[in-house]
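Taking it in order: structure first as structure tokens, then the write-up.
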Amino acid sequence: MQRIYNYGSFLQAYGLKTMLEEMGCEVEFVDYHPGECLVSTEKTRKGLFRKLYKVTEILKIKSSFCNKILYLDYKKTFGKKYFHYLGITSNKNYFPVLDLLVIGSDEVFNCVQANENVGFSLDLFGANNNAKRLISYAASFGNTTLDKLDRYTIKSKIAELLDKFDRISVRDENSREIVFALTGNEPDVHIDPVLVYDYVNKCRLISEIRETKYMILYGYTGRFSVDECKVIRSYARERGLKLYCIGGLQHYCDKFINCSPFEVIAYFKSAEGIITDTFHGSILSIITHRPFITIVRKSISDSYGNEEKLVDLLKRFNLVDRIAVDVADIKGISNSTIDYTAVDRILNEQRERSKKYFEENIRIVD
């Protein structure tokens, strides 16, 4: 998922790459061929239709013209500005000869989805790879469930592909249940690389942000409704805060922040608070020790929800009290504090487990 124009995707890729390099590995990213979209929506239209849909989506956002230009520039220049940090170019790297191929992290197993850039990609399940050893790390099925695998009649194919892995690591309970049901083997469960790699203390590319008195609304463009954004902006105003949007453009935000993935962490560190409905928005809040609220959205039919991975993440760190199922809940949640000493204790234990997992798999191919 390293080529996706998304902060979370970039940071998990950079974190995983850096961790493996620290263990003495030479790292290269492998590309995949998108597969057929099993779910068809207006978002799956290709070429010009897809571009027009995206532009229309942005135009509908109730935000300033300046913010819209900043957002479009962010999307247009993301790869050119930041992919060199990952060592990737415009040339695709398909099926290289490797000692160890690591699939993940991110939603590499999310095969029942409408995104034409992914679809049901067999490559993301290791098909036709040229590696001596095949493993996954903190891979996720996202909101693909056993029921959806049944409905789209691909359960046996997924089982066949998973059986060829030498070892499987997932990052959430839904993914664990799927792997166990299809293979009969209990997979390892690990945390995302953005949690494992100690960005705050190790990454020298993170600078200080001097702006003060702002809160962050972090989510994909337009996923917060007009009514939700009204409530959130009113909440920010009551606290005397500006509302900054990062990652996606939202209604009524004061400012869209167009910055590097490393600067995102700096903005989180200096924020008075964060409201998000994303997995990595929650993770960035955790590693920067900020007060945050996570909106959990349910999957209905083939719509894209986030409850599988978000609820699981917050349960693992004893942070379920940060969950809001409605924006009306944010005031009550914000009155409670987070015991980050206890959170860090869990985090450090999980970091050691991840390190051990990689050491074991690297040792085998040495």
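Here are some notes:
- Unpartnered cysteines - no second Cys beta carbon under 4.7 Å - across the chain: CYS25, CYS37, CYS66, CYS111, CYS203, CYS229, CYS259
- Most tightly packed first, judged by the mean number of other beta-carbon atoms within 10 Å of their residues, the peptides 161-173, 8-20 read 8-20, 161-173.
- Maximal additional length on extending the ARG210-HIS289 stretch stands at 26.7 nm, based on 0.36 nm per residue less the C-alpha distance.
- D by Stokes-Einstein for the chain, Kirkwood Rh over Cα pairs, 4 °C, 1.567 mPa s: 61 µm²/s.
- Pairs exceeding a 23 Å alpha-carbon distance, out of LYS92/LYS132; LYS62/LYS242; LYS62/LYS269: LYS62/LYS269.
- Ordering of 227-236, 244-253, 65-74 by packing [mean C-beta count within 10 Å, highest first]: 244-253, 227-236, 65-74
- Fraction of antiparallel bridges per DSSP, the chain only, in percent to nearest 5: 5 percent
- Computed packing ranks the peptides 205-215, 286-296 as 286-296, 205-215, most packed first, by mean other Cβ atoms within 10 Å.
- Rg and Dmax of segment 275-366, based on Cα coordinates, read 15.9, 54 Å.
- Comparing segment 95-174 with the 2.2 N^0.38 Å rule of thumb, its C-alpha radius of gyration ratio is 1.05 (two decimals).
- Shape of segment 178-228, Cα gyration tensor, a/c cut at 1.5: oblate
- VAL320 accessible area, 1.4 Å probe, all protein chains in place, Å² to nearest 10: 80 Å²
- The value of relative contact order for the chain, using C-alpha pairs under 8 Å at least six residues apart, is 17 percent.
- The simple spin-label model puts a point 7 Å past each Cα toward its Cβ; for VAL55 and GLU22 those points are separated by 4.5 nm.
- Rounded to the nearest 10 degrees, the angle from helix 7-22 to the longest Cα principal axis of the chain is 50 degrees.
- Fraction of accessible area attributable to carbon and sulfur, segment 71-211 (%, probe 1.4 Å): 46 percent
- Fraction of accessible area attributable to carbon and sulfur, segment 322-366 (%, probe 1.4 Å): 47 percent
- With a 1.4 Å probe rolled over the protein heavy atoms of all chains, the accessible area of LEU52, LEU314 falls in the order LEU52, LEU314, largest first.
- For the chain, the longest principal axis of the Cα atoms and the long axis of helix 47-59 meet at an angle of about 30 degrees.
- Acute angle (nearest 10 degrees) that the helix 173-183 long axis makes with the longest principal axis of the chain, alpha-carbon atoms: 20 degrees
- Accessible area per residue in Å² at 1.4 Å probe, computed on the chain: 45 Å²
- Straight-line cross-link partners of LYS213 among the aspartates and glutamates, defined as a Cα under 13 Å from its Cα and at least 8 positions apart when in the same chain: GLU238, ASP254, GLU272.
The values are calculated or read from the model by the stated rules, or taken from the named source; none is laboratory data. The structure presented is a predicted model; accordingly, all values stated were derived computationally and were not measured. Neighbour counts run over all protein chains shown; Cβ positions are idealised from the backbone, glycine included. Ligands, DNA and RNA are excluded from the accessible area calculation, which covers all protein heavy atoms including side chains. Shrake-Rupley method; radii C 1.70, N 1.55, O 1.52, S 1.80 Å.
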